[in-house]
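All remarks here apply to the structure that follows.
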Amino acid sequence: MNPFEKIFNYRVLSRLGESGAFLSTAHERAWLKLMLDHPSSADAFSGPTLDKLRTLLYQDEALPLHDHLIHKAASRERQVFHPLLKTLRHCIQHKHGVRLTFLLKDGMISPKQSGLPYRLEYSMVKREWYLLWYSWKRHDLLSVRLSKIASVSEVPVQEEACASALAEIGDLLESRKQRAVIEVQPEYNRELSRILYAFSCFEKEVHYDELSGIYSVALTYLGNEGEYVLSKLRFLGKRVRVTEGAVLKKRMRDSAMKALAQYGALEPPAE
């Protein structure tokens, strides 16, 4: 594609975006049509939105995925869409506060606590939804599983208090950020897209050294996401090497030594 075609396509897509139009492929529409048949779709969308989507896709002659997908034996499925998501999402969008109670480790229910909901996150590892919320009492950003929330109610918040809390949340998140630099071994440069996809959920900058032919990826992540970064590094194996980030380098080195010790090559490092 020449530069003029790229410019033309960009202008067309920009115009479509400004007009509120959305382009989709036949496979995307077929997948959406299949997902709308899932029981959780009633919780994921409001009634009018769900009816409108089904109406738009009713006469769509996209690929019938029902005839091409086979659901093989799998582990017990958890509900992907939690019933509290609608309430919490509404509070986050309109910057409303919440008053909630949740189950403690001893099985008791906590006293009511007030705060500002900030973000909803889904853990692909634990397959659970989490709520990040700012506690007015502790002046800290906390995390709680939606499955542990016993009750939640919406409460109004003054604009000044909300703006102050959001500014403090930004400072807290900034203080918790960590940085690491990962080098891609030159013989695996052809797999760069796969490597970048592994870190797609993080802030990153990619640099290329023409003299050495080495790509380096500067990652920025929160401290509690370190284990996830480590899992991706172990998955990629010898394709990458951590060059900056003392904690990640130590953890990767310890993992390698323990793996060698498992086969009698080395003694495990002292804890």
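The values are calculated or read from the model by the stated rules, or taken from the named source; none is laboratory data. The structure displayed is predicted, hence computed values, not measured ones. Virtual Cβ from ideal backbone geometry, glycine too; neighbours counted across all protein chains shown. To get the accessible areas, we keep the full protein, side chains included, count just its heavy atoms, and leave off ligands, DNA and RNA. Shrake-Rupley method; radii C 1.70, N 1.55, O 1.52, S 1.80 Å.
Could you list, in sequence order, the residues of the stretch 139-160 that are in a strand (DSSP E or B) and either surrounded by fewer than 16 Cβ atoms within 10 Å (Cβ to Cβ) or not β-branched (Val, Ile, Thr) (or both)?
Asp140, Leu141, Leu142, Ser143, Arg145, Ala150, Ser151, Ser153, Glu154, Val155
Scanning the stretch 239-258 finds no residues that are within 30 Å of Leu84 (Cβ to Cβ) and in a helix (DSSP H, G or I). Applying the set (1) in a helix (DSSP H, G or I); (2) at pLDDT below 70 to Phe22 leaves exactly one unmet item: (1).
For the stretch 161-207, what are the residues that are open to solvent by 90 Å² or more (accessible area, probe 1.4 Å) and in contact with a Ser or Thr (Cβ under 8 Å, 6 or more places away or on another chain)? Residues satisfying the conditions are Arg179, Glu203, His207.
Here Gly115 fulfils each of the conditions (1) more than 30 Å from Met35 (Cβ to Cβ); (2) assigned to a strand (DSSP E or B); (3) open to solvent by 80 Å² or more (accessible area, probe 1.4 Å) apart from (3). The residues on offer are Tyr221, Tyr208, and the sole one that is more than 19 Å from the chain's Cα centre (by Cα), in a strand (DSSP E or B), assigned by TED's automatic domain parsing to the domain that holds Arg253 and aromatic (Phe, Trp, Tyr) is Tyr208. The set of residues in the stretch 230-260 that are touching a strand residue (DSSP E or B) at 6+ places or on another chain (Cβ under 6 Å) and within 10 Å of Ala180 (Cβ to Cβ) comprises Val242, Thr243, Glu244, Gly245, Leu248, Lys249. Residue check: is Ile182 aliphatic (A, V, I, L, M), touching a Pro at 6+ places or on another chain (Cβ under 8 Å) and farther than 30 Å from Leu116 by Cβ? No; evaluated as a whole, the condition is false for this residue.
For every residue, the table says whether it meets (1) at pLDDT 85 or above; (2) over 27 Å from Glu128 (Cβ atoms); (3) part of a loop (DSSP other than H, G, I, E, B).
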position	(1), (2), (3)
Leu32	no, no, no
His38	no, no, yes
Ala42	no, no, no
Leu56	no, yes, no
Ala62	no, yes, yes
Lys72	no, no, yes
Ser75	no, no, yes
Val80	no, no, yes
His90	yes, no, no
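Just a yes or no: is a residue in the stretch 92-99 closer than 16 Å to Leu146 by Cα, surrounded by 11 or more Cβ atoms within 10 Å (Cβ to Cβ) and at pLDDT below 85? Looking through the stretch 92-99, none of the residues is closer than 16 Å to Leu146 by Cα, surrounded by 11 or more Cβ atoms within 10 Å (Cβ to Cβ) and at pLDDT below 85. It is to be established whether one or more residues within the stretch 101-111 are open to solvent by less than 50 Å² (accessible area, probe 1.4 Å) and part of a strand (DSSP E or B). Within the stretch 101-111, one or more residues are open to solvent by less than 50 Å² (accessible area, probe 1.4 Å) and part of a strand (DSSP E or B).
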